[in-house]
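Taking it in order: structure first as structure tokens, then the write-up.
The values are calculated or read from the model by the stated rules, or taken from the named source; none is laboratory data. Since we're looking at a predicted model, the values are computed, not measured. When we count neighbours, we look across all protein chains shown, and the Cβ atoms used for this are built from the backbone with ideal geometry, even at glycine. Note: accessible area is taken over every heavy atom of the protein model, side chains too, but ligands, DNA and RNA are not part of it. Shrake-Rupley method; radii C 1.70, N 1.55, O 1.52, S 1.80 Å.
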Amino acid sequence: MRAGLVALSLGLAACAPQPQTPPTPTEPILIEGGVVEGRLVRAIGLQLALPSPAPLVARSGETLLAAYPFQLLIYQNGFIRESLPLPGVPTFVRAKPLPLVGLADRLYVPGLGTLLYKAKDALNTKEGVYWLDDEGISLERRRLAEGRFNFLAAGERHVYAFGREALRLPDRTWVPLPGVVRAAVVLEDLYVLTPEGLFRLSPEGLRLGFRAGAFSGLQTDGVYLYTLEAGRLVTLRLNLDVASRSAFTAWAPARQNLVSPTALFASREVR
């Protein structure tokens, strides 16, 4: 009986997504509202334990995506909602505007399946999937513009493709940038992260504010901006002032929010 229980436990644990190599200490992964450190997700309104450290994690409000080789976990309100098979090893994951996973030779959209676009970045929007390759930007099968772009960011009205300048879509406006942009978020204004610090720009590229610092990554929930400095989470107001701790309320997770590996669904074969 004891041997049978041990065998069952090992079998269930094998269903959990496994990293390609043993986890090693790394910098925290920045997500909307907080960070992921190893297995632990700590963010405003959300705390949970992943089954194992995830190479790629993204959050949009109540939805959290954790992408592993050949498997995608989707959490809703801190509880696991779906365990989906991926047709390969993910290279990037996007939760905003809608969920999407990038793979080496295709894109995966939950509920839609795979799209055979070899993209270095992509966004799933209500208008369709925008994606970049080395030649330009496309909206699904339609090429929108030629050029060398590095990544995409989107707000409610516009999608920006970032290179030496930013191309704003759908009005095809070129927006000047203050330097090499490493990350960006789009709200009413445009926030871009450069090696010198964080800039607040108008939609046309006029400088509205600047905060110097060696920051890494940039996320927003529409109310605050989140970035990392020396591995520590920094929360900023939209005017780039540091937000006081009193602006946030503590949230204690229920025990069922801490998901163990044995609580996961088994992976299904991808055809």
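Of note:
- Using only alpha-carbon positions in the stretch 119-190, the gyration tensor eigenvalues give semi-axes of 17, 14, 11 Å once each is multiplied by 5 and square-rooted (largest first).
- Tensor-based shape of the stretch 54-191 (alpha-carbon gyration tensor, a/c under 1.5 rounded, otherwise prolate or oblate): prolate
- Most tightly packed first, judged by the mean number of other beta-carbon atoms within 10 Å of their residues, the peptides 105-113, 55-63 read 55-63, 105-113.
- Proximal aspartates and glutamates relative to K118, as straight alpha-carbon distance under 17 Å, when same-chain residues fewer than 8 apart are discounted: D105, D133, D134, E135, E140, E146
- Cross-link reach is defined here as a Cα-Cα straight distance under 14 Å, omitting same-chain residues fewer than 8 places apart; for K96 the aspartates and glutamates meeting it are E32, E62, D121, E127, E156, D221.
- A crude spin-label estimate for the pair L233 and R42, with each label 7 Å from Cα along the Cβ direction, gives 0.7 nm.
- In range of the label at K126: residues from the stretch 203-230 whose backbone nitrogen is under 18 Å from the point 7 Å along Cα→Cβ: 222
- Of the peptides 91-99, 145-153, the ranking by mean beta-carbon count within 10 Å, highest at the top, reads 91-99, 145-153.
- Point-to-point label distance, E188-E62, nm (Cα→Cβ direction, 7 Å offset): 2.7 nm
- For L116, solvent-accessible area (1.4 Å; no DNA, RNA or ligand), Å²: 130 Å²
- Ranked by the mean number of other Cβ atoms within 10 Å of their residues, highest first, the peptides 33-40, 117-124 come out as 117-124, 33-40.
- Neighbour net charge for S202 - beta-carbon separation under 13 angstrom, K R +1, D E -1: 0
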